[in-house]
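Below is one structure, written out as structure tokens, with a few remarks after it.
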Amino acid sequence: MKKFISLVLVLLMGLSTVSCKIPEGRKKNYGVEEKPFQFAFDAFDTQCSISFYGVQDETTASQYFYAMKNLVERYEEVFSKTNENSEIYEINHRTSDSVMICDEVASIFEIASSLYEWSGKKFDISLGTLIDLWDVKNRKTVPTLAEINEARKHTGNFNYTIERNVNEDEFTRHRITFTGDKLTQYDFGALVKGYCCDALKEMLAENENIKACIVNLGGNVLCTGEVDGRADSAFRVGVFKPFSGNDIIDTIEVKNRNVITSGNYQRYFKVEGDDRVYHHIIDPTTGYPTNNGIDSVTIVSENGLLGDYLSTACMLLGEEKSKDLIDFASKSFNDKNIQATFVYSDGRVTKYPLKVNLKK
């Protein structure tokens with residue numbers, strides 16, 4: 001078991017290996033009163049931003065921004081379900097059992113079944129048929145039980161093998177071969193932003209001239225560097241109160257960590273005469289959006305992919321069952337300072353564990 005966990009750890013940490021060089025900037029003193037160079041853009045169907053501290057001028061900051069934005073756009077394209085040029089689209093519409101894939105896609109497929117088992121079979125990348133059925137952006141009515149049960153037949157499918165390092169057209173690629181249900185649809189929406197933050201974190205680590213940076217990929221916030229002039233050199237990240245607009249219900253102080261939130265309050269629909277919120281976090285064991293009294297879960301972690309996974313898995317599991325998963329992740333991935341913040345529908349806010357060092 002320990003050997004298996006170590007292998008998965010290597011795969012998770014290896015997901016941040018993609019990087020590119022960005023132009024060097026000049027050093028500049030900065031502090032809590034300095035306004036950063038901030039750039040906004042759209043990606044992953046949400047509003048995103050990147051803010052730089054300690055960069056000398058806007059031209060240099062723009063060069064950094066476009067290098068990072070290009071990486072975000074690449075990952076968005078690689079993992080897109082709707083872009084006909086993406087490997088995920090090809091997998092979901094495959095005409096043969098085998099598809100050639102890049103290293104990033106291969107790595108996540110390799111750990112997917114472990115993430116599924118650790119979550120008590122709640123976190124499922126093969127949930128695409130249910131996600132498409134609910135289509136919370138456009139649907140106005142609840143699917144029938146027959147429709148839900150039919151979609152559930154095509155989930156929980158990890159019947160594939162991966163052959164590494166296959167040469168094709170002078171490029172090293174990997175071959176994934178499926179032996180299971182051909183109607184299964186794979187969806188990486190609950191992982192790709194955290195994965196992307198890991199790659200961006202490595203890019204930033206390679207450039208000493210960026211003294212601090214905040215990346216916000218719509219609910220996935222990465223804070224790197226230190227804030228001069230503040231006693232603890234930490235960033236303060238607000239947790240939104242669900243369904244309240246921009247009200248802040250909690251503030252988390254962090255250094256060099258990801259703050260990742262999953263919640264039911266951004267993508268959902270309601271039905272007249274029904275108080276329930278039908279949102280995008282679907283429980284594969286029921287076929288319905290999870291409904292356990294929790295509106296959001298915010299995870300603080302060093303690894304973005306792990307944090308993305310935990311935020312969704314904890315939404316699905318509920319607080320009590322999530323504690324074992326958080327303890328397991330903290331021990332297995334050598335991050336003793338993982339913390340979850342649970343925001344309940346009745347306004348309660350709880351944390352687990354209570355005491356961790358998020359500024360280490």
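The values are calculated or read from the model by the stated rules, or taken from the named source; none is laboratory data. Fair warning: this is a prediction, and the values are worked out from it, not measured in the lab. All Cβ positions, even for glycine, are placed from backbone atoms using ideal geometry, and neighbour counts span all protein chains on display.
Being more than 20 Å from GLU302 (Cα to Cα) and of a type outside the set (Phe, Trp, Tyr) is the filter here; which residues of the stretch 312-345 pass it? If you could, list the steps in order and put the result at the bottom.
Step one: of the stretch 312-345, the residues more than 20 Å from GLU302 (Cα to Cα) are 316-321, 343-345.
The answer is LEU316, LEU317, GLY318, GLU319, GLU320, LYS321, VAL343, SER345.
Within the stretch 249-278, work out how many residues are over 30 Å from PRO143 (Cα atoms), part of a loop (DSSP other than H, G, I, E, B) and either basic (Lys, Arg) or touching a Leu at 6+ places or on another chain (Cβ under 8 Å) (or both). Step through it out loud before you land on a result.
First pass over the stretch 249-278, keeping only residues over 30 Å from PRO143 (Cα atoms): 249-259.
From the residues that got through so far, the ones that are part of a loop (DSSP other than H, G, I, E, B) too are 255-256.
From the residues that got through so far, the ones that are either basic (Lys, Arg) or touching a Leu at 6+ places or on another chain (Cβ under 8 Å) (or both) too are 255.
Adding up the residues that qualify gives 1.
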query: Considering only residues of the stretch 80-124 that are at pLDDT below 95 and touching a Gly at 6+ places or on another chain (Cβ under 9 Å), which is surrounded by the most Cβ atoms within 10 Å (Cβ to Cβ)?
result: SER107
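How about the stretch 87-112: which of its residues are acidic (Asp, Glu) and in a helix (DSSP H, G or I)? Before the answer, list the steps.
So the first thing to find is which residues in the stretch 87-112 are acidic (Asp, Glu), and the list is 87, 90, 97, 103-104, 110.
If the condition is that a residue be acidic (Asp, Glu) and in a helix (DSSP H, G or I), then GLU87, GLU90, ASP103, GLU104, GLU110 are the ones that fit.
Quick check on the stretch 318-327. Is at least one of its residues small (Gly, Ala, Ser), closer than 29 Å to THR224 by Cα, without any contact (Cβ under 8 Å) to a residue 60 or more places away in the chain and in contact with a Cys (Cβ under 6 Å, 6 or more places away or on another chain)? Working first, answer last.
Step one: of the stretch 318-327, the residues small (Gly, Ala, Ser) are 318, 322.
Remaining after also requiring closer than 29 Å to THR224 by Cα: 322.
Okay, now just the ones that are also without any contact (Cβ under 8 Å) to a residue 60 or more places away in the chain, so 322.
The next check asks that each one be in contact with a Cys (Cβ under 6 Å, 6 or more places away or on another chain); those that pass are 322.
Yes: one or more hits.
For PHE52, indicate whether it is of a type outside the set (Lys, Arg), closer than 27 Å to SER107 by Cα, crowded, with 19+ Cβ neighbours inside 10 Å and at pLDDT 50 or above.
No.
Which residue is surrounded by the fewest Cβ atoms within 10 Å (Cβ to Cβ), if the candidates are limited to the stretch 250-284 and must be among the hydrophobic types (A, V, I, L, M, F, W, C) and at pLDDT below 95? It would help to see each step written out before you state the result.
Here is the first cut: in the stretch 250-284, the residues among the hydrophobic types (A, V, I, L, M, F, W, C) are 252, 254, 259-260, 269, 271, 277, 281-282.
With the extra rule that they be at pLDDT below 95, the set shrinks to 252, 254, 269, 271, 277.
Details: ILE252: 20, VAL254: 21, PHE269: 18, VAL271: 12, VAL277: 17.
Applying the filter and picking the extreme gives VAL271.
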- request: Search the stretch 108-125 for residues that are at positive phi and pair each with any residue that is small (Gly, Ala, Ser) and assigned to a loop (DSSP other than H, G, I, E, B) when their beta-carbon atoms are under 8 Å apart and the residues are at least 6 apart or on different chains.
  value: LYS121/GLY156
query: Considering only the stretch 117-141, how many residues are among the charged types (D, E, K, R) and part of a helix (DSSP H, G or I)?
result: 2
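Identify all residues within the stretch 205-220 that are on the phi < 0 side of the Ramachandran plot and either in contact (Cβ under 8 Å) with a residue 40 or more places away in the chain or of a type in the set (Phe, Trp, Tyr) (or both); write none if there are none.
GLU206, ASN207, ASN209, ILE210, LYS211, ALA212, CYS213, ILE214, VAL215, ASN216, LEU217, ASN220
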